[in-house]
1. Quick one: what do you get for chain A if you divide its Cα Rg by 2.2 N^0.38 Å?
2. Among the complete DSSP H segments of chain B, which ones combine at least 18 Å of alpha-carbon extent along their axis with a mean Kyte-Doolittle hydropathy of 0.0 or more?
3. Quick one: label points 7 angstrom along Cα→Cβ at B:Gly9, distances to the other copies in nm, smallest first?
4. For the range A:132-293, with only Lys/Arg (+1) and Asp/Glu (-1) charged at the beta-carbon, what is the dipole magnitude about the Cα centre, in debye rounded to 20?
5. Let me check I've understood the local charge: for A:Gly259, count other residues with C-beta under 13 angstrom from its C-beta, Lys and Arg +1, Asp and Glu -1. What total comes out?
6. So what does A:Lys402 come to for accessible area, using a 1.4 Å probe and Å² rounded to 10?
7. Once phi is turned into θ = phi - 60°, what whole-Hz ³J(HN,Hα) does the Karplus curve with 6.51, -1.76 and 1.60 give for every residue of the range A:287-299, x standing for Gly and Pro?
8. I'd like the distance separating the alpha-carbon centroids of the range B:171-213 and the range B:386-412, in whole Å.
There are 2 protein chains.
Amino acid sequence: MLQAALRSGTAARRSVFEVFARRLPQGRRYGVVAGTGRFIEAVADFRFDPAELAFLAATGVVDDTTAGYLEGYRFTGDVWGYAEGDCYFPESPILRVEGTFAEAVILETLALSIFNHDCAIAAAASRMVHAAGDRPLIEMGSRRTHEDAAVAAARAAYLCGFATTSNLEAGRTFGVPTAGTAAHAFTLLHDDERTAFAAQLAAFGQDTTLLVDTYDVTAAVALAIELAPDLRAVRIDSGDLRLVAEDVRKQLDALGAPGTRIVVTGDLDEYAIAALAVAPVDGYGVGTSLVTGSGAPTASLVYKLVAREDASGVLAPVAKASPGKPSRGGRKHAYRRFTGEVASAEVVSAAEEHSAGAGDRPLQVPLIRAGEPVGREPLTAARDRHLRSLNELPAAARHLSKGDPALPTVLS
Amino acid sequence: MLQAALRSGTAARRSVFEVFARRLPQGRRYGVVAGTGRFIEAVADFRFDPAELAFLAATGVVDDTTAGYLEGYRFTGDVWGYAEGDCYFPESPILRVEGTFAEAVILETLALSIFNHDCAIAAAASRMVHAAGDRPLIEMGSRRTHEDAAVAAARAAYLCGFATTSNLEAGRTFGVPTAGTAAHAFTLLHDDERTAFAAQLAAFGQDTTLLVDTYDVTAAVALAIELAPDLRAVRIDSGDLRLVAEDVRKQLDALGAPGTRIVVTGDLDEYAIAALAVAPVDGYGVGTSLVTGSGAPTASLVYKLVAREDASGVLAPVAKASPGKPSRGGRKHAYRRFTGEVASAEVVSAAEEHSAGAGDRPLQVPLIRAGEPVGREPLTAARDRHLRSLNELPAAARHLSKGDPALPTVLS
């Protein structure tokens with residue numbers, strides 16, 4: 001596309017691309033914008049290095065003119081988008097990229113990869129956090145997804161309210177608080193469970209979590225408290241977690257360890273977490289279902305050209321007419337409409353003359369201006385924003401059951 | 001785990017970890033080993049750099065002794081595994097890592113991330129390739145998954161028989177053949193479809209694929225052949241693909257362009273591909289369902305300690321007893337048993353004294369020996385192997401419907 005546009009002279013036309021989802025994953029009531037911070041940094045760093053250019057030239061993927069363009073590539077346009085952590089709905093323009101066609105079309109895969117992944121994880125994480133109530137969630141899904149996706153997944157989970165992650169690289173890169181855990185391998189490494197527990201306690205003291213289901217849970221809990229009367233926590237990773245947690249709680253209390261907490265893990269998703277609300281559980285570790293988006297591993301966001309300069313230099317809306325996949329032309333503005341304290345509609349307008357109604361909250365903020373990042377913020381700011389945004393939605397948004405989007409999208 | 005084991009003196013115990021799946025994703029008849037080549041390189045490069053060590057020290061995640069161990073980390077053990085591209089079944093020991101506990105336990109997340117991701121994509125890709133028969137498949141799912149996962153997904157798809165990928169980085173890094181496509185944005189960029197098609201043809205000649213569903217398919221096909229009587233292909237991305245392809249084929253033939261091919265795209269999965277077998281389609285582009293594993297986005301592989309030196313220095317099998325998640329102790333050997341030309345069982349033995357039966361095919365090959373990669377091979381070798389491995393399985397393996405694993409796993 002770039003090569004043909006450079007040749008035909010259309011590559012320099014001012015263009016507007018938007019990222020949006022035609023629909024939410026089946027039964028989901030809201031989406032969560034995630035990846036914005038990663039996208040800002042990725043665009044700032046987006047270059048074609050000599051090895052990449054050499055590959056493109058050697059394979060004939062691009063001609064010399066195109067290679068020359070890519071060699072000097074640097075995004076110089078503007079990006080607006082929903083603030084990270086905010087909720088979104090069908091047709092919400094969560095990102096808007098403006099620049100020449102050439103510089104903006106090049107960012108399609110980058111933008112969609114980041115947002116499709118991070119939004120998918122965030123949507124699942126948000127539901128899990130709500131299901132868990134006041135109990136903390138540990139993200140521990142790195143093993144079940146691509147090694148680099150794992151780092152982004154840990155970031156998206158924290159954004160939506162997870163307390164910690166086991167992914168240390170997410171701690172280093174994004175400042176996500178980290179937490180460790182001992183696996184069954186540690187117990188099995190030692191000649192018996194007593195030796196294993198003693199080794200862990202010798203290294204970390206009683207402020208640690210002992211895994212108690214390698215052999216016999218009751219025997220392990222008794223041993224744990226014998227060795228560490230003030231043990232911070234035990235972890236249960238198998239069996240009927242509700243029943244086992246009840247038994248372990250009784251046993252801990254009877255042993256005089258009412259302060260020792262119970263953490264459960266093992267193929268938990270938002271439904272299993274909700275079902276454990278009645279159990280004496282103090283925290284959850286979540287892996288597979290989180291990093292795979294709990295049934296919706298991609299957010300199905302698309303990147304569509306909605307306006308571009310025509311031959312006379314006027315920015316004109318454009319849209320395709322493909323059956324079932326139409327697009328709506330024009331640069332969009334978006335507002336969240338409120339009835340009292342509660343959001344009541346997502347208003348998306350393609351009108352150039354537009355204005356927010358009384359109490360409408362404008363949803364788009366500047367992220368990159370003339371190629372320079374202007375939307376950087378601490379991840380904790382996005383984390384706080386997500387909680388506020390979710391709490392603004394009607395109560396039905398927070399139901400785990402399948403349903404329609406919590407807000408209607410009003411296209412004006 | 002590492003810190004406590006270093007302190008207790010067990011870190012140096014010779015240990016054996018195995019990677020296997022307790023079960024295949026629901027209804028799947030076989031798994032595909034993918035990621036082996038990536039894992040070999042990742043282990044060879046696995047180091048902790050100063051910035052990572054500084055983070056671990058500053059946050060108190062590790063003590064000085066552990067930081068010192070990590071600073072000098074280099075895997076010096078042995079890795080055996082199924083050859084990449086081979087099929088696998090429940091309990092197949094697709095990877096075996098032997099070394100000290102310390103050096104092997106560190107690799108858990110790396111191994112599982114690579115294999116869980118790549119095997120999930122490969123299993124879906126293999127079914128799609130079989131469903132497509134002789135028609136080529138283009139991998140074009142980069143936009144729907146994490147930006148780095150996308151590169152690995154393109155590799156896994158090619159391994160299983162996809163013809164090409166739109167991911168240029170997969171071409172550069174792994175030698176996967178690449179193919180491009182024009183999006184609706186390219187047509188919309190121009191003042192009309194005629195200008196857009198002419199621009200693409202001016203850049204690439206008639207050996208290109210024109211996207212014909214931006215406005216009206218019939219008008220676009222007529223325009224395409226008017227401008228390029230020998231056009232290589234048209235692409236249809238929306239509508240009832242079977243009906244539209246039939247109409248377009250008739251139109252192309254009537255226009256005297258019987259050699260112009262039809263490529264279809266748009267939320268295809270293995271079932272949609274199979275349903276299009278009767279349609280006049282010459283190739284498929286597949287995105288979302290491929291990179292998300294077509295309903296099974298992770299392979300659910302686990303990394304378990306199965307043997308380790310005991311206090312007396314003897315390598316002893318170990319296993320946990322967790323309800324529903326037991327492990328089987330002992331270093332495993334695996335063979336594929338045949339009845340005539342057709343595979344009939346997956347034989348997995350933990351016996352130290354073991355031998356292949358007549359005609360049994362040993363499944364494990366050396367990948368890393370004393371820390372040195374010995375299992376490198378061209379990706380095409382794995383690609384050829386996958387086709388052979390799949391063709392060895394009973395016919396039921398290649399059914400798309402949900403079913404049991406195509407081979408029983410015999411544990412001896």
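The values are calculated or read from the model by the stated rules, or taken from the named source; none is laboratory data. Everything quoted here is computed from the prediction, not taken from an experiment. Because the Cβ atoms are built from the backbone with ideal geometry, glycine has one as well, and the counts that use them run over all protein chains shown. Ligands, DNA and RNA are excluded from the accessible area calculation, which covers all protein heavy atoms including side chains. Shrake-Rupley method; radii C 1.70, N 1.55, O 1.52, S 1.80 Å.
1. Values: Rg = 25.1 Å, N = 412, 2.2 N^0.38 = 21.7 Å.
Taking N as the residue count of chain A, the ratio is 1.16.
2. Details: long enough: B:108-132 (35 Å, 0.75); B:241-254 (19 Å, -0.25); B:379-392 (20 Å, -0.98).
Going by DSSP H runs, the hits are B:108-132.
3. 8.3
4. Numbers: 12 positive and 22 negative charges, 76 e Å.
The calculation lands at about 360 debye.
5. On the way: positive: A:Arg232, A:Arg249, A:Arg261; negative: A:Asp207, A:Asp230, A:Asp253, A:Asp282.
After counting each charged neighbour, the total is -1.
6. Roughly 140 Å² of A:Lys402 is accessible to a 1.4 Å probe.
7. Working through the residues one at a time gives x, 3, 5, 5, 6, 9, x, 6, x, 10, x, 9, 8 Hz.
8. Between the Cα centre of the range B:171-213 and that of the range B:386-412, the gap is 40 Å.
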